[in-house]
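The values are calculated or read from the model by the stated rules, or taken from the named source; none is laboratory data. Here the structure is a predicted model, which is why all the values come from computation and not from measurement. When we count neighbours, we look across all protein chains shown, and the Cβ atoms used for this are built from the backbone with ideal geometry, even at glycine.
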């Protein structure tokens, strides 16, 4: 079966972002399907393509995946309007390709919601089978964050959301809350597959030497955050915890913030102004480097801004990377991730916006290495038993294998 797969932020492991689409495409190919991946340029990703762009496009075979990359300027550090512009450009070019390319099934994955447009056009104008994967609920999350407030724009996005769900033959949600959000728009008999982000256990079971950045001593307790430095991530709470550690005279705990994003410069300025020498900022690294870093780390930080829509409506890559590496996790918001941590004793979930509890958790873990190590073993066991990418990719491939011969 020929599958055209649209993901604007696609990356191979050479990049510094999630590789779900890369792994899922490889699983489809292993099953005998032909996959064409259509994506855009992304500062945090690496598509594996190196040739020059011709007329704003380049393509080649990367690890058996036919990758088509549009030349687009996109980065998490851009303004909201700049990112919206990149989303619309990708959607326009994707729709055009969906109307002329040769394929049997179209698969679209968010974000943003405009990622569904090629699937919608393909379904209704070409009668193609459309599978829609939702990574974040739009416009619910941007509205909850206060990023989008214009009532006309929200109405337009709500219509696009309804149309996307109604157009798709199958739906995949990356968390329980996302699946429930999709189901609100569907008939009761429609099933939504829940296939969360997964654990690349082999990748994070590295035989390479561990490394640590400058500013970290060999005997420091190292807590790391790996991800976007943006409004949704609530990293001001991490800096507040670092300030509290400083006020308590705790000098053996270092916090490493690795990544990029719109608020990174502001966060660096705050840390510098408050002389938070226990906070270290580092540029993004590829997955192999990240695995070596996590081999050195003691705990992973799963933090988000305290927005109820996040509690069950996100599937954070970083959490699955942490537990893949056998790192216990400190989490600062309620929801399904906190429930997993509590049920499997693989870290500490603290109340949102509670800086003392956050700080206490780090100190507790640094003072009790045996307990912390057990938490890490539990994290690794959870990764292997429930979230191994191999298990989840089988569920993903089954969505394609179950496609009926006659499409309605």
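From the list 19, 54, 61, pick out the single residue that is within 25 Å of residue 399 (Cβ to Cβ), surrounded by fewer than 19 Cβ atoms within 10 Å (Cβ to Cβ) and in the same structural domain as residue 104 (by TED's automatic domain parsing). Quick ask: steps written out before the conclusion?
On the way: 19 fails: surrounded by fewer than 19 Cβ atoms within 10 Å (Cβ to Cβ); 54 fails: within 25 Å of residue 399 (Cβ to Cβ).
Answer to the check: 61.
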In the stretch 381-390, residues that are touching a strand residue (DSSP E or B) at 6+ places or on another chain (Cβ under 9 Å) and either more than 19 Å from residue 24 (Cα to Cα) or touching a residue at least 12 places away in the same chain (Cβ under 8 Å) (or both) total 6
A careful count of residues in the stretch 240-272 that are in a helix (DSSP H, G or I) and farther than 19 Å from residue 298 by Cβ gives 12
Residues of the stretch 171-184 being under 23 Å from residue 404 (Cα atoms) and more than 21 Å from the chain's Cα centre (by Cα), in sequence order, are 183
When (1) crowded, with 18+ Cβ neighbours inside 10 Å; (2) farther than 22 Å from residue 260 by Cα; (3) modelled with pLDDT of 95 or more; (4) touching a strand residue (DSSP E or B) at 6+ places or on another chain (Cβ under 6 Å) are applied to residue 115, the one that fails is (3)
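Among 249, 191, 197, which is free of Cβ contacts under 8 Å to residues at least 60 places away in the same chain and within 30 Å of residue 403 (Cβ to Cβ)? Working first, answer last.
Values: 249 fails: within 30 Å of residue 403 (Cβ to Cβ); 197 fails: free of Cβ contacts under 8 Å to residues at least 60 places away in the same chain.
Every option except 191 fails the conditions.
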Restricted to the stretch 122-168 and to residues being part of a loop (DSSP other than H, G, I, E, B), in contact with a helix residue (DSSP H, G or I) (Cβ under 9 Å, 6 or more places away or on another chain) and at pLDDT 95 or above, the residue farthest from residue 196 (Cα to Cα) is 128
The residue that is surrounded by the most Cβ atoms within 10 Å (Cβ to Cβ), considering only those in the stretch 175-202 that are at pLDDT below 90 and either out of contact with any strand residue (DSSP E or B) (no Cβ under 9 Å at 6 or more places or on another chain) or closer than 17 Å to residue 18 by Cβ (or both), is 185
Those residues of the stretch 341-379 which are crowded, with 21+ Cβ neighbours inside 10 Å, without any contact (Cβ under 8 Å) to a residue 60 or more places away in the chain and out of contact with any strand residue (DSSP E or B) (no Cβ under 6 Å at 6 or more places or on another chain) amount to 346, 350, 352, 376, 379
Those residues of the stretch 227-244 that are touching a helix residue (DSSP H, G or I) at 6+ places or on another chain (Cβ under 6 Å), at pLDDT 95 or above and either surrounded by 22 or more Cβ atoms within 10 Å (Cβ to Cβ) or closer than 18 Å to residue 291 by Cα (or both) come to a total of 2
